[in-house]
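J.: Just passing along the structure, written as structure tokens.
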Amino acid sequence: MADQASRGGERYATPQILDYTARTHHPSDHSLERAFGAPARHGMPEIQLGPAEGRLLELLLRLINATKVVEIGTLAGYSALWMARALPPGGHLWTIESDPKHAGVAAEVVGEAGLGDRVTIIRDDARAVLPKLCDSGPFCAVFLDADKGRYDVYGRWATENLRAGGLLIGDNAYLFGRLLDDGEDAKAMRRFHEEMAASYRSVCVPTPDGLAVGVRLDPKA
Ligand code: DHB
Ligand code: MG
């Protein structure tokens with residue numbers, strides 16, 4: 001139960017507590033270590049999810065028996081690895097990455113983890129990819145983690161292409177603390193939140209930068 005301080009945004013987590021709880025609930029393994037360390041090894045930005053966020057994605061996908069998932073923003077494949085682990089045989093993750101170097105590193109990471117058969121890395125801009133991906137849907141979940149100023153557009157695509165009961169998830173939903181600013185990207189992120197709230201049963205989980213999670217309501221209900 002939250003008290004006044006934690007409701008106000010104060011955190012009790014320390015690096016040591018985060019380390020203990022991660023080791024206890026979801027100890028890392030070789031593939032996850034390789035994936036988590038890939039951005040640093042390859043001189044890429046170290047902006048991958050934290051381990052607990054990755055695990056949460058895995059659990060959310062398992063809860064809805066997800067079989068077809070789309071990710072926008074692969075980076076080095078750490079989140080893709082977590083999500084691919086949630087999929088049953090025959091399930092598939094399409095993950096979109098516009099930076100060819102990042103996509104190459106992700107392909108290596110996913111291949112090393114033995115998950116190449118259930119992950120397709122698409123090296124292109126999501127704006128070009130999404131219209132073509134519709135034919136592979138409807139999808140069980142869409143995870144947004146790139147182009148923060150286009151979450152509204154990507155969210156609308158998800159709303160059109162998710163099955164009822166499917167999940168729309170957005171990382172960095174606090175926009176690095178700029179969610180309430182006047183800039184265009186902040187306005188787009190607020191539209192994403194507001195449109196999600198209208199078509200989903202949703203929450204913004206207070207992870208370090210906010211993780212918006214919504215269950216697609218049945219448009220026919
Ligand atoms: C950045 C992007 C992310 O997706 C993230 O989780 C953290 C930082 C960035 O572009 O700086
Ligand atoms: Mg992110």
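Derivation of every value follows stated rules applied to the coordinates shown; laboratory data play no part. For clarity, every value in this text was computed on a predicted model and none was experimentally measured. Using ideal geometry, Cβ is built from the backbone for each residue, glycine included, and neighbour counts are taken over all protein chains shown.
J.: Do we have any residue at all in region 95-104 that's of a type in the set (Ser, Thr, Tyr) and in contact with a helix residue (DSSP H, G or I) (Cβ under 6 Å, 6 or more places away or on another chain)?
T.: Looking for residues that are of a type in the set (Ser, Thr, Tyr) and in contact with a helix residue (DSSP H, G or I) (Cβ under 6 Å, 6 or more places away or on another chain), one finds at least one in region 95-104, hence yes.
J.: Any idea which residue in region 68-106 is surrounded by the fewest Cβ atoms within 10 Å (Cβ to Cβ), counting only those that are of a type in the set (Gly, Ala, Ser), over 13 Å from the mean Cα position of the chain (by Cα) and farther than 21 Å from Ser28 by Cα?
T.: Looking at residues that are of a type in the set (Gly, Ala, Ser), over 13 Å from the mean Cα position of the chain (by Cα) and farther than 21 Å from Ser28 by Cα, I get Gly90.
J.: Kindly provide the set of residues from region 39-51 that are assigned to a helix (DSSP H, G or I) and within 15 Å of ligand 1 (Cβ to nearest atom), ordered by number.
T.: Answer for region 39-51, where residues must be assigned to a helix (DSSP H, G or I) and within 15 Å of ligand 1 (Cβ to nearest atom): Pro39, Ala40, Pro51.
J.: Check region 94-111 and report whether any residue there is hydroxyl-bearing (Ser, Thr, Tyr) and over 28 Å from Ala221 (Cα atoms).
T.: For region 94-111, residues hydroxyl-bearing (Ser, Thr, Tyr) and over 28 Å from Ala221 (Cα atoms): present.
J.: Among the residues of region 52-67, which ones are away from ligand 1 (no atom under 16 Å from the Cβ) and either buried (at least 24 other Cβ atoms within 10 Å of the Cβ) or under 19 Å from Leu217 (Cβ atoms) (or both)?
T.: Scanning region 52-67 gives Leu60, Leu61, Leu63, Ile64, Asn65, Ala66.
J.: What residue, among those in region 40-51 that are farther than 20 Å from Cys140 by Cβ and in contact (Cβ under 8 Å) with a residue 60 or more places away in the chain, is nearest to ligand 2 (Cβ to nearest atom)?
T.: Filtering region 40-51 down to residues farther than 20 Å from Cys140 by Cβ leaves 40-48, 50-51.
Remaining after also requiring in contact (Cβ under 8 Å) with a residue 60 or more places away in the chain: 42, 44, 50.
Numbers: His42: 17, Met44: 13, Gly50: 10 Å.
My answer is Gly50.
J.: Is it the case that some residue within region 167-178 is touching a helix residue (DSSP H, G or I) at 6+ places or on another chain (Cβ under 8 Å), more than 15 Å from ligand 1 (Cβ to nearest atom) and in contact (Cβ under 8 Å) with a residue 60 or more places away in the chain?
T.: Yes.
J.: Can you pull out every residue in region 59-104 that is in contact (Cβ under 8 Å) with a residue 60 or more places away in the chain, of a type outside the set (Gly, Ala, Ser) and not in a loop (DSSP other than H, G, I, E, B)?
T.: Passing the criteria: Leu60, Leu61, Lys68, Val69, Val70, Glu71, Ile72, Met83.
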